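To keep things clear, I will list the structure first and then write my remarks on it.
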Amino acid sequence: MGGVEDDEPASKRMKLSSEELRRLSNGSTIKEPVAGSSRDLMARPLQSEGGEEVVGSKGVIKKVEFVRIIAKALYSLGYIKSGAHLEEESGIPLHSSVVNVFMRQILEGNWDESVVTLRNIGLTDERTVKSASFLILEQKFFELLDEEKAMDALNTLRTEIAPLGVNDSRVRELSSYIVSPSYCSLTRSPKQDTVRARSRSKLLEELQKLLPATVMVPEGRLEHLVEQALVLQRDACMFHNSLDKEMSLYSDHQCGRDQIPSQALQILQAHTDEVWFLQFSHNGKYLASSSNDQSAIIWEVYETGVSLKHKLSGHQKPLSSVSWSPDDRQLLTCGAEEVVRLWDVSSGECLHVYEKTGLGMVSCGWSPDGKWIFSGLNDKSICMWELDGKELECWKGQRTLKISDLEITGDGKQIISICRETAILLLDREAKVERFIEEDQTITSFSLSRDSRFLLINLLNQEIHLWNIEGDPKLVSKYRGHKRTRFIIRSCFGGLEQAFIASGSEDSLVYIWHRGTGELIETLPGHSGAVNCVSWNPANPHMLASASDDRTIRIWGLNNLSTKRKEPCSNGIHYCNGVY
């Protein structure tokens, strides 16, 4: 069996205690077989893999494999007696007697014997046998060096390791250890035996990865199967938008629509004209909005709601976009073909104005380290600035349009902008390489995923396309249903692990699709004008914001969310119960 009972005869115990073996062999204990013993289950051959008993209603789980994997899990969890009882009662050993002898020889450092036993396990792949032998003899080599037996180590290298013909570069590396002065000056540590034992246990782990799973059940196999089942259930769940820690083994996982933010919890009414753009900060603690009223507003996000923090004034034209610094301490606001302003989030103070004589800014963005800002200009160029306003570089030519978005990838290497009506430019500013995404329809806006691997592109024909921009750009998915005929409508990634796509629409609705399947799963009514922009809180998958021509911002949350109601304030915030 794989465990040792307290009432077993001493003749059946090994030289190493069960606790030592459990620690050294990842939980599985080993016993020496005794000829003629009725309880010598380790000596029994493993049951046949074909046409044997199965468990479960589908008839696909082989009983032998199932029991062995459970036993392995019990030993790994430290339940030594339980694992042993399972082996004894089922009559199904975790390991064959030969494998048990092999494991014991490894842990006791009987290298020559273990190499012989390895060939008796029944491995059919000679390359596997040689690779495993290499690992064992390499361990023997190092332990001989530790014992200051350099000549014995050299002999092992020449007559045992090298003839295997495995990993010649490693053989040369091992030979250098013999002539290395560092080995001559090694001093023995009082804990050397403990360190050596731990290295043997590590060797056993490496051998376990190399040998077939039918010979030695992989460590953590049961955990892996259970995790795989949970992940498959999660990925198949259309509305999954909750933390994985909320998943349970007691029942199949299935989220309902109540995990999607679909109820308007607040209506923010501080803007006096159409709200064109909004974006949550990276930490989810703030929301910034920009409007045709030539102002931007910084909103503070609390557990109980959203409140106005600063109203930012100074632009002489409508504000087309905003961009948060990587640390969320500063905010850029961009006027429509005007200037870009830098604001301190804490105080609301304007720190700098970026402008070029005779030209207007059309977009803005940050480098990932927060040291530089980027801006698109109405002469179709893109410029990079230091925070103090010093221009560092400018990319001339057809780099952007008068109406354009601007994104910088997380590694800071690529600048992304709309360079033609039907094309997006991916400019590698270090390698000076340009790549393009070509569409058949006019591009109106785009959004970059948090991991910088995907781009969401809104088109004139009322479609949203998802592109993978790693390597050669590839079209991944299309989303349809929203309305767009006259205005710029923006979409975004959102939800847990950005598993959803949300978009505004000219029919006053917010649309939400499942990112993987492309299925439309929710439409949110409430606005009385076109919804120009949406933003999903990156720190709270249950919070979504939308900006509309009706001059309001709506904060969407879960239907079952119980919020503290407040009286309407003079800052233009209205708390609602979802009834319009």
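Here are the numbers for this structure:
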read-out	value
Computed E for Glu337/Ala236 - FRET, C-beta separation, R0 41 angstrom, nearest 0.05	0.30
Relative contact order (%) - criterion: Cα under 8 Å, at least six apart; region: region 257-557	15
Net charge dipole size for region 110-185 [Lys, Arg +1 and Asp, Glu -1 on Cβ; Debye, nearest 20]	260
Cα centroid separation, region 196-245 to region 447-495 (Å)	35
Region 257-557, accessible area per residue, ligands and nucleic acids excluded (1.4 Å, Å²)	38
FRET efficiency, 1/(1 + (r/R0)^6) with R0 30 Å, evaluated for His224 and Arg450 via beta carbons	0.65
Restraint check, Lys63/Lys202; Lys311/Lys413; Lys356/Lys380; Lys72/Lys130, Cα-Cα greater than 23 Å	Lys63/Lys202; Lys311/Lys413; Lys72/Lys130
Qualifying GluC sites (Glu not before Pro) in region 116-173, DSSP loop, other Cβ atoms within 10 Å at most 13	Glu147, Glu148
Pairwise label distance in nanometres, Asp507 with Leu351, each label 7 Å out on the Cα-Cβ vector	4.4
Sparse-neighbourhood loop sites, GluC sites (Glu not before Pro) in region 491-546 - DSSP loop, at most 13 other Cβ within 10 angstrom	Glu519
Rounded D (µm²/s) - region 257-557, Kirkwood Rh over Cα pairs, Stokes-Einstein at 10 °C, 1.306 mPa s	84
Cβ-derived FRET efficiency at R0 51 Å, Gln254 paired with Arg170, nearest 0.05	0.50
Estimated dipole of region 257-557 in Debye, rounded to 20 [Cβ of Lys and Arg +1, of Asp and Glu -1, Cα centre]	240
Contour minus Cα-Cα distance for Asn540 and Asp146 (0.36 nm per residue)	136.4 nm
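The values are calculated or read from the model by the stated rules, or taken from the named source; none is laboratory data. Since the structure is predicted, the reported quantities are computational estimates derived from the model, not experimental observations. Heads up, the Cβs are rebuilt from the backbone with ideal geometry, glycines too, and the neighbour counts pull from every protein chain shown. When the accessible area is computed, the model is the full protein with side chains, heavy atoms only, and any ligands, DNA or RNA have been set aside. Shrake-Rupley method; radii C 1.70, N 1.55, O 1.52, S 1.80 Å.
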